[in-house]
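The values are calculated or read from the model by the stated rules, or taken from the named source; none is laboratory data. Since the model is a prediction, treat every value here as computed from it, not as a measurement. Quick reminder, even Gly has a Cβ in these numbers, built from the backbone with ideal geometry, and neighbours come from all protein chains shown. To get the accessible areas, we keep the full protein, side chains included, count just its heavy atoms, and leave off ligands, DNA and RNA. Shrake-Rupley method; radii C 1.70, N 1.55, O 1.52, S 1.80 Å.
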Amino acid sequence: MSEFAKYFDFNATAPIAEAARNAWLETSVEHWHNPSSLYREAGAARMRLEECRESLADALGIEEPERVVFTSGATEANNAVVRYLADRTEGGLAVSPVEHPCVDAAVKREFLPERVLEIPVEPQTGAIDFSALETWIRLDEVAAVSLMAANNETGILYPWREAAALCREHGVLFHTDAAQWIGKMPAEGLGECDFVTGSSHKFGGGKGVGFLVLPEEGKADDFRGLAGGPQEDGRRAGTENLPGVAAMVAALSERQDARLAGIESARGSDRDCFETTLSGEIGTVSLGASGPRLWNTSMFVLPHTKNLKWLTRLSARGFSISTGSACSAGRGNPSKVMAAMGLDFERMGRVVRVSGGWDTTSDDWAALAAAFGEVDAELKNQ
Ligand code: PLP
């Protein structure tokens, strides 16, 4: 049994990979100087940072490493992209209603409501209405599009490749939040997007680090994230977190496309089997299961009792799962993702999200299913 056999919350965060820990220690000890200083040791730190930029660009299939800007995570990166699009484009922004709150809230803050076009979502499947987006792009109604690659709650995959190609053809800027995609799915084609954002801790690289991919030269040369210093070529001020960056790159290279080959069918069928068992034995209803999803994620409506009661009983058995960003105890704001998928407030309170990892085995999934069965019986007999 692996150390993390009962951890089913990988979409929230992943444990740090051994290679990442080693890279963090190595750079903290060997390259602690400030990469912006002018002596030899600082130059070595700068070189190490630039090597990391090249490796990351390579892992993402991006030809120009200078497109990569290191940030403190996907929240910062997404906020910076949205602010840039609001300030530097004229016209509409098409955005889906299922984006992560750090995109959603940034759009609300930076854009006047009349500039925002919400891409319709089909409640049953959670898929976007691509033809609506296509019409807006073709009719020149939008200057920019933001569409996440994979949803953090449901795991639903969105057609970012198709959207990126269409936007490119029509001179519309395209952003994809790939925080849940990178490390779980092949990165091929991400370079075709103008802006890509990602987060290290989602694939085992440690917290507080992420990145932003900018468009090719000539398209967003005036991009300025944080102001205050010349770091990152003036595009994001602040002393670079070299150990964090090195750890992120080490973790991502462990999750290279080659190692991902086959994982979708193997782990995906373990997850599917788990869902079949649960729906048959306790009557759960999976969300977004009819279309393409991340291989590790399952979100479903429980047949009875608030999700938090299930979560605490599972936690007592050692299993870690999530209520997603649903209103867990019937309090809080309804989840926009679940609302877009047609769930009413009561059902939202019975939703849980289970997300496995790269080493989660079919036995681990089966053990979780059995634990759900026990909790079901326990709650029914209350
Ligand atoms: N975008 C998505 C899709 C996410 O799942 C997350 C993390 O929950 C973020 C952005 C924010 O990432 P970070 O924790 O690096 O700020």
Anisotropy class of region 108-171 from Cα gyration tensor, a/c 1.5 cut: oblate
C102 accessible area, assembled protein chains, probe 1.4 Å, Å²: 20
Relative contact order of region 188-250, defined on C-alpha pairs under 8 angstrom at six or more residues apart (%): 30
Nearest-20 debye value, region 1-96 charge dipole, Cβ charges on Lys, Arg, Asp, Glu: 240
Relative packing of peptides 340-353, 291-304 - highest average C-beta neighbours within 10 Å first: 291-304, 340-353
Cβ-derived FRET efficiency at R0 35 Å, A266 paired with A316, nearest 0.05: 0.70
Pairwise FRET efficiency - E346 versus Q382, Cβ, R0 = 22 Å, nearest 0.05: 0.70
Global form of region 202-281, assessed from the alpha-carbon gyration tensor, a/c cut-off 1.5: prolate
Shape of the chain, Cα gyration tensor, a/c cut at 1.5: oblate
The chain - mean residue ellipticity at 222 nm from DSSP helices (-39,500 (n - 2.57) per run, n ≥ 4, rounded to 500): -12500 deg cm²/dmol
Accessible area in square angstrom per residue, the chain, 1.4 angstrom probe: 42
FRET efficiency, 1/(1 + (r/R0)^6) with R0 41 Å, evaluated for M47 and K219 via beta carbons: 0.90
Share of carbon and sulfur in the accessible heavy-atom surface of region 242-382 [1.4 Å probe, %]: 50
Eligible aspartates and glutamates near K309 by straight Cα distance, threshold 16 Å, same-chain separation 8 or greater: E346, E374, D376, E378
Lys, Arg +1 and Asp, Glu -1 on Cβ, resulting dipole of the chain about Cα centre, debye, nearest 20: 1320
V116 paired with S28, simple spin-label distance in nm, labels 7 Å along Cα-to-beta-carbon: 3.9
Gain upon complete extension [D129, E64; 0.36 nm per residue less C-alpha separation]: 20.1 nm
